[in-house]
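Here is the structure we will look at.
The values are calculated or read from the model by the stated rules, or taken from the named source; none is laboratory data. Computed from a predicted structure; not experimentally measured. Positions of Cβ are generated from backbone atoms using ideal geometry, with glycine treated the same way; all protein chains shown enter the neighbour counts. The area values use the complete protein model at the heavy-atom level, side chains included, leaving out ligands, DNA and RNA. Shrake-Rupley method; radii C 1.70, N 1.55, O 1.52, S 1.80 Å.
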Amino acid sequence: MTRESTPHAPALSEPLLTTLRTRTPQLWLNPSLGRPLPDDAPCVDAIEQAQARFERFAPLLAALFPELNDTHGRIESALMRADALRARGTHPEDAGTCFIKRDDALPVAGSIKARGGFHEVLAFAEQVAIEHGVYTPGDSTLLLRSETARTLFARHTVTVGSTGNLGLSIGVMAAALGFDAVVHMSRDAKEWKKARLRSRGVRVVEHDGDYALAVAAGREQALATPGCHFVDDERSELLFFGYAAAAQPLAQQLAQAGRIVDAGHPLFVYIPCGVGGAPGGIAYGLKALYGKHVHCFFAEPVASPCMLVQLAAPESAWLSVYDVGLDNRTEADGLAVGEASHLVGPLMRSLLSGVFTVTDEQLFADLLAVKTALGIDLEPSAVAALGGPAWLMQTAEGEAYRQAHAPACVDPTHIVWATGGSLVPPIEHQRFQMHARKLAGDH
Ligand SMILES: *Cc1c(COP(=O)(O)O)cnc(C)c1O
């Protein structure tokens, strides 16, 4: 991606610029919510196709990964009641029912990236196998474990650029199927992530510079290599629809929990946002199911509010956080993205309710709160959305939003999406918590 230094920033209003530049946490409401999707928006049928692909591949995944035995190859996470957070004030009393969506515990990849990443690798494997006649649609996907299929896959490379979790997800799945897997990472990506990938036979290439540079390097190398598939986190529809496939199982979980979704019982969903693929795909899937009764908000670090600046600027401006004078430096490595996806941004202009921002100090405080109240170990990126219910239920901006878009609301459901953490080594979790305690003591 280009790192233009031309100041586009005047495209934003003065008060908004000041709030952004002073890194003041805010709830920004999207004025374009509800307008029609762009003409070239991808078709919702692709959501069902992604769901069907996960179904088809479940037997193969169960055979490849012992940890998927219990779920018969399904990659899903629990929807957990989170009333315990009330004690801390994160979730206000009488503000409806609050859940945490436990994508931090998604099997095999340990983060939300399992959804999009696995979907794209499986789609690529399927395509290669069909092209070379080792698999015909309708066959059992267990065929893709055969010696013939693996030999074929070994001649193909799957490449991705990532700050960490996407690399883990793509690398692990690609290597398990027998592909040559290459992950381009920024040099400051966590050491344990690189080590884990290398231990699975994945080649890790390190780059100086930020996430966008790692992606650009991967894209360039892939284009120059025949038989190489590049998973493009900034543009991929296969990733996007893998995430969107989360909506239907979530709807079942809500129904099982006895939560209906309608005008009187709106659904508020809060999701951490990096480049926008994961939260954008999920929002797209949920909107297709629930329409105006679901309200999706993204959470971004105050140093990296790339979706906020893209949506707040005129469509043609393509603002990055650097353009408004921010440095994109945050402990939330999964969210340290300077410029939002050009695939997802235009869709979110119509579908997204708003974005709230969070400081690193708050991330660590919330990390500790979740550990104390619920016993869950999350990584900093994964707690970014925790303040969502309070933003919506306890602030003037939140009230303005509800009056405008959910006027009949009597008993809302809130879902805070937790996005990663279960594969983080215990020593790293201890470090996070020590840092959080230190920050708390300093105040
Ligand atoms: C990648 C990631 C996100 C955000 O996903 P994007 O597709 O980059 O917006 C959120 N949380 C964690 C832990 C992640 O790794």
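Brief remarks on what is shown
- Close Cβ contacts (under 9 Å, 6 or more residues apart or on different chains) running from residues in region 407-426 that are of a type in the set (D, E) to residues that are away from the ligand (no atom under 16 Å from the Cβ) and at pLDDT below 95 comprise D411/G96; D411/T97.
- Of the residues making up region 47-80, those that are more than 18 Å from K101 (Cβ to Cβ), small (G, A, S) and surrounded by fewer than 18 Cβ atoms within 10 Å (Cβ to Cβ) are A52, A58, A63.
- Residue in region 95-103 that is touching a Ser or Thr at 6+ places or on another chain (Cβ under 6 Å), part of a strand (DSSP E or B) and more than 16 Å from the ligand (Cβ to nearest atom) present: yes
- Exactly one residue out of A373, A385, A418, A436 is within 16 Å of the ligand (Cβ to nearest atom), in contact with a Leu (Cβ under 7 Å, 6 or more places away or on another chain) and not acidic (D, E), and it is A418.
- Some residue of region 319-328 being within 16 Å of the ligand (Cβ to nearest atom), open to solvent by 10 Å² or more (accessible area, probe 1.4 Å) and in contact (Cβ under 8 Å) with a residue 40 or more places away in the chain: yes
- Considering residues of region 155-170 that are open to solvent by 10 Å² or more (accessible area, probe 1.4 Å) and out of contact with any Asp or Glu (no Cβ under 6 Å at 6 or more places or on another chain) only, the residue farthest from the ligand (Cβ to nearest atom): R155
- Residue check, L142 more than 16 Å from the ligand (Cβ to nearest atom), in contact (Cβ under 8 Å) with a residue 12 or more places away in the chain and not in a loop (DSSP other than H, G, I, E, B): yes
- Any hit, region 191-214, residues being open to solvent by 70 Å² or more (accessible area, probe 1.4 Å), among the hydrophobic types (A, V, I, L, M, F, W, C), part of a helix (DSSP H, G or I) and in contact with a strand residue (DSSP E or B) (Cβ under 8 Å, 6 or more places away or on another chain): yes
- Neighbours by Cβ (under 9 Å, 6+ apart or cross-chain): first from region 171-197, at positive phi; second among the hydroxyl-bearing types (S, T, Y) and surrounded by fewer than 24 Cβ atoms within 10 Å (Cβ to Cβ): G178/T151
Yes or no, residue by residue, for (1) under 17 Å from P25 (Cβ atoms); (2) within 10 Å of the ligand (Cβ to nearest atom); (3) under 14 Å from the mean Cα position of the chain (by Cα); (4) part of a helix (DSSP H, G or I):
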position	(1), (2), (3), (4)
Y284	no, no, yes, yes
K287	no, no, no, yes
M307	yes, yes, yes, yes
E315	no, no, no, no
G338	no, no, no, no
S341	no, yes, yes, no
L368	no, no, no, yes
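- Scanning region 420-443 for residues that are crowded, with 20+ Cβ neighbours inside 10 Å and closer than 17 Å to T372 by Cα yields G421, S422, F432, A436.
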